[in-house]
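A.B. asks: Have a look at this one before I ask anything.
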Amino acid sequence: ARLSRSALTVLVSQELRDGPYDIVHCQFGNLGERWVPVMRSGLLHGDLVTSIRGHDVTQNGRYDAAYYAELFRESRLLLPVSRSLAERLLEMGCAPEKIQVLHSGINCQRFEFRPRTLADSEPIRVLSVARLVEMKGIAYGIEAAARMLEAGCRIRYDIVGDGPLRAELEGLIRERGVGASVSIHGWKPHHELVEILQSAHIFLAPSVTAANGETEGIPNAVKEAMAVGLPVVATRHSGIPELVTDGVSGLLVPERDPDALAAALTELCDDPDRWPAMGQAGRAHVEAEFDTRRLNLRLLDLYHGTHDAAGT
């Protein structure tokens, strides 16, 4: 069996071996799989619970049913962060009674809701917050913004984030000749990010399925945007439709379609009177389904149910 450094740490750490524990919770499927032999060894006792977050079950040829066969047998509970990932676990052969969807959450109290309005003289500020990797689809956002600018739309597209594709994306901005209106700002600390969110009008999340099959769970950046009141344009990607309700809190379009992104953004730009209601709907949904306080209480219930079912 494969042992990670974290698993080897358990083998030598007297502090951890001083358990027993009721629950051992691993935050990604590949980590859970690596801890299975440690649990079997008897050096660590407790019910194994494993969260599934996206990349750990969606990469082609890497994390498949054979890879997770032992984890599916040994885990008491698997917690995918979206229904789409729960369906993936079922396709891989995990027993349905072991699967409970548990969204990842944000602390809504940290985000002040403000209805979006537009002053007569200001451009419409579109914002994306993302790692600059293929799965986030930022190239399609830049292409959509370029189409809108060519059509005469008065927008400003700000991209906050960093990553391996930054130089390529900055090259695309230069190639399309939109550097005066489209900017990549790099990574920002959270307090600055909140200020940037508050200054935006529309949030853009153009996520795509990567070439290796990797997908999102449900992006936290979109939850934070909805918490402050931003209407959202996003793709129908993985768990995003579980967060953004098409026509209610935002607009959803197909992946890898800059024309569809541009059309959806233009639709919202042309009708700012829709923004406050969309923002309110988004905030209400995030509070109801994605607030950490509610989710932590649900997790405790799941822990208790798991532990009680084990008969310990």
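The values are calculated or read from the model by the stated rules, or taken from the named source; none is laboratory data. It should be emphasised that the depicted structure is a prediction, and the values quoted were computed from it without experimental measurement. Heads up, the Cβs are rebuilt from the backbone with ideal geometry, glycines too, and the neighbour counts pull from every protein chain shown. Heavy atoms of the whole protein, side chains included, go into the accessibility calculation; ligands, DNA and RNA do not. Shrake-Rupley method; radii C 1.70, N 1.55, O 1.52, S 1.80 Å.
A.B. asks: Which sequence of 113, 203 reflects their accessible areas, 1.4 Å probe, from the largest down?
C.D. replies: Numbers: 113 60, 203 0 Å².
The most accessible residue leads, giving 113, 203.
A.B. asks: Mind ranking 37-44, 155-162, 75-82 by how tightly packed they are, going by the mean number of other C-beta atoms within 10 angstrom, highest first?
C.D. replies: Values: 37-44: 15.9, 155-162: 20.8, 75-82: 24.5.
The peptides rank, most packed first, as 75-82, 155-162, 37-44.
A.B. asks: Ignoring ligands, DNA and RNA, what percent of the 1.4 Å accessible area of the stretch 110-214 is carbon and sulfur? Can you show the working numbers first?
C.D. replies: Details: 2480 of 4870 Å².
The computed percentage sits at 51.
A.B. asks: So, taking all protein chains as they sit and a 1.4 Å probe, how much accessible area belongs to residue 88, in Å² rounded to tens?
C.D. replies: The accessible area comes out at roughly 80 Å².
A.B. asks: Taking every DSSP beta bridge that has both residues in the chain, what percent is antiparallel when rounded to the nearest 5? Please report the intermediate quantities before stating the final value.
C.D. replies: Numbers: 1 of 30 bridges.
Roughly 5 percent of the beta bridges in the chain run antiparallel, per DSSP.
A.B. asks: Additional query: Starting at the first residue of the stretch 232-237, write each ³J(HN,Hα) from the Karplus equation 6.51 cos²θ - 1.76 cosθ + 1.60 with θ = phi - 60°, in whole Hz, x for Gly and Pro.
C.D. replies: Running phi through 6.51 cos²θ - 1.76 cosθ + 1.60 with θ = phi - 60° gives 10, 10, 8, 8, 7, 10 Hz.
A.B. asks: What value, in deg cm²/dmol to 500, does the helix sum -39500 (n - 2.57) over DSSP H runs of n ≥ 4 give at 222 nm once divided by the residues of the chain?
C.D. replies: Details: 14 runs with 137 residues, N = 312.
Mean residue ellipticity at 222 nm (helix-derived): -13000 deg cm²/dmol.
A.B. asks: Okay, next question. Cα convex hull of the stretch 66-212: how many Å³ per residue? The partial results should precede the final answer.
C.D. replies: On the way: hull volume 23.8 nm³, N = 147.
Value for the stretch 66-212: 162 Å³ per residue.
A.B. asks: Which of the lysines could a cross-linker bridge to residue 136, judged by Cα under 26 Å and excluding same-chain residues fewer than eight apart?
C.D. replies: 188, 223
A.B. asks: Shifting gears a bit: What aspartates and glutamates could a cross-link reach from residue 98, if we take a straight Cα to Cα line under 20 Å and drop same-chain neighbours fewer than 8 places away?
C.D. replies: Excluding near neighbours in sequence, the set is 22, 33, 47, 56, 64, 70, 74, 87, 301, 308.
A.B. asks: Let me ask something else about it. What is the magnitude of the charge dipole of the chain about its Cα centre, with +1 placed on the Cβ of each Lys and Arg, -1 on the Cβ of each Asp and Glu, and no other charges, expressed in debye to the nearest 20?
C.D. replies: Working: 33 positive and 42 negative charges, 108 e Å.
So the dipole magnitude of the chain works out to roughly 520 debye.
A.B. asks: Next question. With the dipole of the chain worked out from charges on the C-beta (+1 for Lys and Arg, -1 for Asp and Glu) around the Cα centre, which of 146, 244, 217 lies farthest toward the positive end?
C.D. replies: Of 146, 244, 217, it is 217.
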